[in-house]
Amino acid sequence: MPVARPETSDSRIIAHVDMDCFYVQVEQRKQPHLRGQPTAVVQYNSWKGGGLIAVGYEARKDGVKRSMRGDEAKKECPQIHLVQVPVARGKADLTIYRNAGSEVVSILARKGRCERASIDEVYLDLTDAAETMLKETPLETLESIDEEALKSHVLGLSLNGNDDRETVREWLTRRDADHRDKLLACGAIIVAELRLQVLRETEFTCSAGVAHNKMLAKLASGMNKPAQQTIVTLASVKGLLEPLPIKKMKQLGGKLGSSLQTDLGVNTVGDLLQFSEQKLQDIYGANTGTWLWNTARGISGDEVEGRLLPKSHGSGKTFPGVQALKSVAAVEKWLKELCEELSERLQLDLETNKRVAHTLTLHANAYKSTDTDSLKKFPSKSCPLRYGAGKVLEDSVNLFQAALREFLGSYTNPVDGGWGVTNLSVSASKIVAAPSGTCSITRYFHGQDRFHASSEQSDKKFAPESDNLSPSRTESHSASHQTDCGEGQTQITPDTSSLDQYETACKDEAIESCLTSTHHEPQLRLSEKERNNNDGKRSYEQKRKATQEKGTPSILRFLQTNSCSSSNQETKCLPSEGVQEALDMGSESQNKRRTDSWRYNAGEIDQSVVNELPAEIQEEVRTWLRPQKQANTVKRGSSIAHYFSPNKNEQTNLRKS
Ligand code: DCP
């Protein structure tokens, strides 16, 4: 459900940066001989040459499209290079792309609040940077403007085709311009410089939209690709939005968009303008009505969230056609792979970023062979997340069983046959800063757990999963979910008395997820080697300064002169100085949150488990618990107890008292 947030200010400067043919660029950096060659990345499943998941711009010129399979692409473009996505555990491994995305984020985060929106997209709030620039250097006094900024596409600015860059220069430096346009001009200059920095330090090109809010910036970033940027002036908003098909708008691709089409005959954003806010509220409720009214006018108050790290982690796989999983044993086999991957990523997030996840969710798509109710969805299920691959697997298997019972309408454990699973994924969400010491404790449990995965069904509390993640876009992408706001999730499990707060939190999260639809994103990490390679960093820094002194080349010139041949290795192996910076930024905000977002529920921690811990960890746990007990401020449901097997008796006694 969209949420109408009032426009905080139309003087904000927001950029949306989107990498160009991202996986292809990552592969081309790895194999420089592919630079400039028609290239596509294909799924690891090689049927008919594998499905294309990313297509380079050279191949697009020859008519190759993402919807094609490798064999078809070869017919269109015989010289195309097809690179298979890396594989691990029998499924696509996106680590290399996640890490490449992290490099980019760390650079972009230098200039303003930065929100990582997907594996290759970032929002930036550049308001402060633009205001500072405007104060320090009035634009009309600027002597030289970077060529990259002069190549900007300014919506609504008529170009005569003779000297477009001169026309853009005039627009950027207009003395009589509205203050908001002046800020946009500053934003465009800053974004151009950032894109050049990304190119120099990572070898990746990106495109960007610069506007007064997130919605408009996102619409603009894809308008001129690759390696270009588009500016949305206030005057151009109406012309930009009016012709857009309603279903192309964010959050209108689903049921709401369909209802607008069928119930109101609204096919374009322009069609929506004829409805008053009151009328839209009458039909869709106050909140959605206002949101629709605002959207039609390009008004959106969504803030750029300061988030450099993923909101959740997911691991999944699709099993199309005959590959469908038709027995519980087959599902368990794959769940083991998925849970191990998820668990590794959770552990890495904990160690690298000091974050812990609270909620484990299982999603699947399934069919019944004798289906009278073919539209019935396989319900997603969630429960508190316990760390350790064995525990994650144990809980996931239980969630699957519960969901399958519900799907089949069975009260006992379902038997094999008569059903098939075509998509399976596990995800971890509600990620917050970890309290100090969690890392060592979970490592302890992690080690233990692989060998002692006990299963006590009675201890499980399956919450309905309201964060309904849709199937992944592609097989490879299934390691990272897209979020969609669907319906049809019901609660099946009794014994939810202690979960009220937890469920509410889950629902809030679902709403939030709907607002920022994401693929789930990469770890912000570099190898030790990269982090420690300070010498390389200095020499690059010196080079960069030298280049700047000579004048900044345009992105195209950069590509021509540095076409990323193997001689460019030095650039490629650069330590990304910004990553550490970004890590620091991340932990700073986490530290801030640490004090207010983490609550221990003393009553839920099983003393017998604590007593088995090494002495120093026992001491740590007791230190955490002491102030909470005294303050008596513990909340149920959101607690460190999820790392432990809860002692039901103690909890029951506590509730009674
Ligand atoms: N991706 C995927 N499966 C899809 C779509 C995309 O695995 N069905 C992956 C590969 C892409 C990356 O996500 O490189 C980013 O997707 P985009 O939609 O942003 O597309 P590209 O970056 O490839 O191209 P463009 O330059 O058009 O943005």
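The mean sequence distance of close C-alpha pairs (under 8 Å, at least 6 residues apart), as a share of the length of segment 189-258, puts its relative contact order at 21 percent. With each label modelled as a point 7 angstrom along the Cα→C-beta vector, the Lys333-Thr173 pair spans 6.9 nm. For segment 148-213, the solvent-accessible area works out to 34 Å² per residue, with a probe of 1.4 Å and every protein chain left in place. Between Ser144 and Glu193, the distance separating the two model label sites (each 7 Å from Cα on the Cα→Cβ line) works out to 1.4 nm. Apply 1/(1 + (r/R0)^6) to the Cβ-Cβ distance of Asp416 and Trp47, taking R0 = 30 Å, and write down the FRET efficiency to the nearest 0.05. Taking R0 as 30 Å, the efficiency between Asp416 and Trp47 is 0.70.
What net charge do the residues around Leu264 carry, taking every other residue with its C-beta under 12 Å from that of Leu264, with Lys and Arg at +1 and Asp and Glu at -1? Result for the local shell: -2. If you plug the beta carbon distance of Gln84 and Thr137 into 1/(1 + (r/R0)^6) with R0 = 51 Å, you get a FRET efficiency near 0.55. With a threshold of 22 Å on the Cα-Cα distance, the over-threshold entries among Lys336/Lys381; Lys247/Lys317; Lys333/Lys391; Lys111/Lys214; Lys182/Lys238; Lys317/Lys354 are Lys247/Lys317; Lys317/Lys354. The packing ranking of peptides 57-66, 387-396, 345-354, highest mean first, is 387-396, 345-354, 57-66, where packing means the average number of other beta carbon atoms within 10 angstrom of each residue.
The values are calculated or read from the model by the stated rules, or taken from the named source; none is laboratory data. These numbers were taken from a predicted model, which means no experiment stands behind them. In this analysis, Cβ positions are derived from the backbone assuming ideal geometry, glycine residues included, and neighbour counts consider all displayed protein chains. These area figures cover heavy atoms from the full protein model, side chains too; ligands, DNA and RNA do not enter into them. Shrake-Rupley method; radii C 1.70, N 1.55, O 1.52, S 1.80 Å.
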